[in-house]
Structure formats: C-alpha cells, structure tokens
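Engineer: Let me give you the structure first, and then I'll get to my questions.
Every read-out reported here was derived from the displayed coordinates using simple, explicitly stated rules and does not represent laboratory data. Just so it is clear, the model here is predicted, and its values are computed rather than measured. Glycine gets a Cβ as well: all are built from the backbone with ideal geometry, and neighbour counts include every protein chain shown.
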C-alpha cells in the first residue's frame, strides 16, 4: 500500500472505526510514510497537513486517551514544524479531567526520550507550548490529586558510581529498587500507573538521545516501576553549579507538567543534590513532601545544620531511608519492612 493509499484509507474509515483501524497498523511507520522524512517530506507537505488535520482535529473525538497518546508519539518522531506542533497541541487540548491526566502519564512513559517533557518543551512552538501549559495548569487547579511524584538521581543514588567507596562501581544499592517501588505504589491513586517515577540526572542526552537511551537501558532490568528520565547536556557536566542548574531546570519543567501532584526528591551528597533539593522545597511550596540525600560524601557542621533546618534528611543506607520515609508518613509499616528485608537479604549491613 502506498502512502497516498494509506491516507485515503484512514480518511474513509466509517465513524467509530478509525481507532480499530489505527490499532491494527504500525502507526509510527504509517505516519512517517504519509508525512515523509526530512527529504521526501519537502514534497509531502499537503499530505502531512491532511493527516494531522484528520487525526488531531476532525476525528480526534473518536480516539481514546491511549490512542491519542500514540498519535502524539508518532507525530513527535517527525521533524519539528508548525503543522506538527499544532496537531500535538490539538490532541493535548482535546481532553479534560481524568482522561487528560491518563494521556499525560501515557506520554510520560513511552520508554524512549520522547516523553512528555520532550514533546512539550522540544516539539511545540512557543505559542503552542504556552497554550498546553495553561491547559495543564487549569486542569490541575480543577482536579488536585494526592499522587506523589518521585524524582530520583541515578549516580551514587541508584548505582555506586562517582564518590561511593563502600560498594563496587556500578553496583545497585541494596534496597533502593524496593524503596522506589514502595513509594510509587503507596501514594498513587492508580498504583503502578506508568509515569509516576522520574529520574533526574545531569547526564547529557547526547546526539539523537543515544546517551539518554543508554541510561534508560541501564535502568530497564532492575525491576523498577514504569519511569521516565530527564537528562542534561554536555555543557552541564563541568561544574557543580551547572549540574545544579540543569537539575533545577528539569524540576521546574516537571512541576509545570504535573502541578497537581506532590513531589519528593532522592539524591546524593556527592555533587549538588542537597542544594538542588533545598531549592526544590522552596520552589515547590506546599507540594514539596521530602528530600532524602544519600550521604556518600560527609556533610558536616554548619552546612549540614542549615540543610537539615531547611527540610533535608540524610541517610547512609536504604534501610535508614525507609525508616525516614516511614517517619515522614510516606511509607506504611509493611512497606517499610519490605525495604528492610530487601536490604538484609542482600547482605548489606543494617544502619
């Protein structure tokens, strides 16, 4: 079937039959074929516009939140353009309430670099981005939820990497996966819903997202809840200040995308995470629940006292982190105990 025939077939779908038809095809390949690549797309502008109009405007009301998320994901694989931006905006603004939140979480758990943050901040024109963020804010004001967004660093927080001396480089800390699972499932209106856990790192995305995908692949086999990754750039790797700035930018974007939720941050003391966490609590106001810092580098004296006075909680191992989370009301006793058992089963010394 040629791209023109595929477009004609989609346009001819009877009312109520478009979604079943889309479900039976490779949507990303079909969209790419009809819209064209960076070269052939120069000659398929009319077809691209017709496709976007069909899926995002004329027939969007027939599509479920899941299918609308698939359409957005397929569109954002294409080269950025005003037409694509308007189509994505139309899809995102076509829903309200619970269905809109469902679509947000689906877009935030695609398993690749094209998550919700990427589409809103990298694929939309400034005007379309402003409209989408305004819609998100309005929906959050109308429907606040108790869900807990968990923001987590990776290096020296999930894996021993840079400053850790007690564990082999690259090893996963005993109990960290279990803690993230319990936090994710214990404070979500829909436990294990995709997209509640976000890893915030200064690691660069790299060309075509290759380094970020490498980071995702390194997390994929750990048994973690569904999650997304917000990365940095090569320019953010040189100083603690630049690392801090990128992580805070990621946080500000996260809050703009999920303003209805509470949040917590888990990081380490090896780079700028204590300062990042303190600023997160300041910016997040009443939505900031906790900042837990894995102490791989000692923080002492006035610096520690000032951070603790600002709400930062330090821990050495993840059994201690589980106890802190329980004290803060983020874990119930059975959840805490499952983390303690996981640490003990791994043979790590209890703290």
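Engineer: I need two numbers for the chain: Rg to one decimal and Dmax as a whole number, Cα atoms only, in Å.
Structural biologist: Calculated on Cα positions, Rg and Dmax stand at 21.8, 71 Å.
Engineer: For the range 55-112, what's the radius of gyration and Dmax over Cα atoms, in angstrom?
Structural biologist: When restricted to the Cα atoms of the range 55-112, Rg and Dmax are 10.7, 30 Å.
Engineer: Right, next: Suppose the chain between residue 25 and residue 222 were pulled fully straight at 0.36 nm per residue; how much longer would it get relative to their current alpha carbon spacing?
Structural biologist: Taking residue 25 through residue 222 to full extension adds about 67.8 nm, to one decimal.
Engineer: Output the 0 to 90 degree angle, nearest 10, between the alpha-carbon long axis of helix 82-93 and the longest principal axis computed from the alpha carbons of the chain.
Structural biologist: It is inclined by approximately 70 degrees.
Engineer: Out of all DSSP beta bridges in the chain, what portion is antiparallel? Express it as a percent rounded to 5.
Structural biologist: Bridges in the chain that DSSP calls antiparallel: roughly 5 percent.
Engineer: Sorting check: for 176-184, 249-257, 81-89, which peptide has the highest mean count of neighbouring beta carbons within 10 Å, and how do the rest follow?
Structural biologist: So the order, starting with the most tightly packed, is 176-184, 81-89, 249-257.
Engineer: How large is the helix-only mean residue ellipticity at 222 nm for the chain, computed as the sum of -39500 (n - 2.57) over DSSP H runs with n ≥ 4, divided by its residue count, in deg cm²/dmol to the nearest 500?
Structural biologist: -15000 deg cm²/dmol
Engineer: OK, next. Rg to Rh for the range 117-161: what is it, with Cα atoms only and Rh by Kirkwood?
Structural biologist: 1.18
Engineer: Additional query: Expressed as an acute angle from 0 to 90° and rounded to the nearest 10, what is the orientation of the C-alpha long axis of helix 176-186 relative to the principal long axis of the chain?
Structural biologist: For 176-186 against the chain, the angle is about 60 degrees.
Engineer: Between residue 308 and residue 134, take the C-beta separation as r, use R0 = 41 Å, and let me know the FRET efficiency to the nearest 0.05.
Structural biologist: 0.65
Engineer: Rounded to two decimals, what is the ratio between the C-alpha radius of gyration of the range 3-142 and 2.2 N^0.38 Å?
Structural biologist: Rg over 2.2 N^0.38 Å, computed on Cα atoms: 0.99.
Engineer: So, one more: Only Cα pairs under 8 Å and at least 6 apart count here; give the relative contact order of the range 1-134 as a rounded whole percent.
Structural biologist: 22 percent.
Engineer: How many nm separate the modelled label positions at residue 145 and residue 252, each set 7 Å beyond the Cα in the direction of the Cβ?
Structural biologist: Modelled inter-label distance: 2.6 nm.
Engineer: Shifting gears a bit: Below 8 Å between Cα atoms, with a sequence gap of 6+, how large is the relative contact order for the chain in percent?
Structural biologist: About 14 percent, as a whole number.
Engineer: Further question: What nm value, rounded to one decimal, do you get for the distance between residue 96 and residue 241 when each label is placed 7 Å out toward the C-beta?
Structural biologist: Result: 4.6 nm between the two label points.
Engineer: At 37 °C and a viscosity of 0.692 mPa s, what translational diffusion coefficient does Stokes-Einstein give for the range 76-182, taking Rh as the Kirkwood radius over Cα pairs? Give it in µm²/s as a whole number.
Structural biologist: Using the Kirkwood radius from Cα pairs, D works out to 200 µm²/s.
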